[in-house]
Amino acid sequence: MAASLSSRLMKGFASLQAVRSSRLASASAYQNGVMRYSSTVPSDSDTHDDFKPTQKVPSGSTDSLKDIVENDVKDNPVMIYMKGVPESPQCGFSSLAVRVLQQYNVPISARNILEDPELKTAVKSFSHWPTFPQIFIKGEFIGGSDIILNMHKEG
């Protein structure tokens, strides 16, 4: 009986992981014609080469990372550069920022800065701000999770 229970638990965990992975993979790039967020495996020394992103800028694009950041901020009413994606933040500050923004039922566009160290540097240069998350609303740099939380508390 213990072996049967153990086997069922392991199958359940495996299927849960498969569902979670497919949800993250399918939840990237465009939703209803609007860029929402990107989701790939981070490019770090612990990631096998087969899983690292091969292109940092979309193919056929002559846009620099600075141009991409400018367009993201200009084209998306609420843009957040964060660690992780809205459905799976990778730090507490990013999680807090997403939870506050979700209170307002607005579409959130996001990019995962953990995917690309060069994107992270480009965003810092663009905003002249060293920490993440970085939130832009209607093209204006607002700040991080602390600022958005204070704005929320003050109405």
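Computed from the coordinates by the stated procedures, all read-outs in this text should not be read as laboratory data. Model, not experiment: these values are computed from the prediction. Note: ideal-geometry Cβ built from the backbone for every residue, glycine included; neighbour counts use all protein chains shown.
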Give the residues of the stretch 122-152 that are surrounded by fewer than 19 Cβ atoms within 10 Å (Cβ to Cβ), part of a loop (DSSP other than H, G, I, E, B) and hydrophobic (A, V, I, L, M, F, W, C), sorted by residue number. W129
Report whether or not V69 is buried (at least 21 other Cβ atoms within 10 Å of the Cβ), touching a residue at least 12 places away in the same chain (Cβ under 8 Å), assigned to a helix (DSSP H, G or I) and touching a Leu at 6+ places or on another chain (Cβ under 8 Å). yes
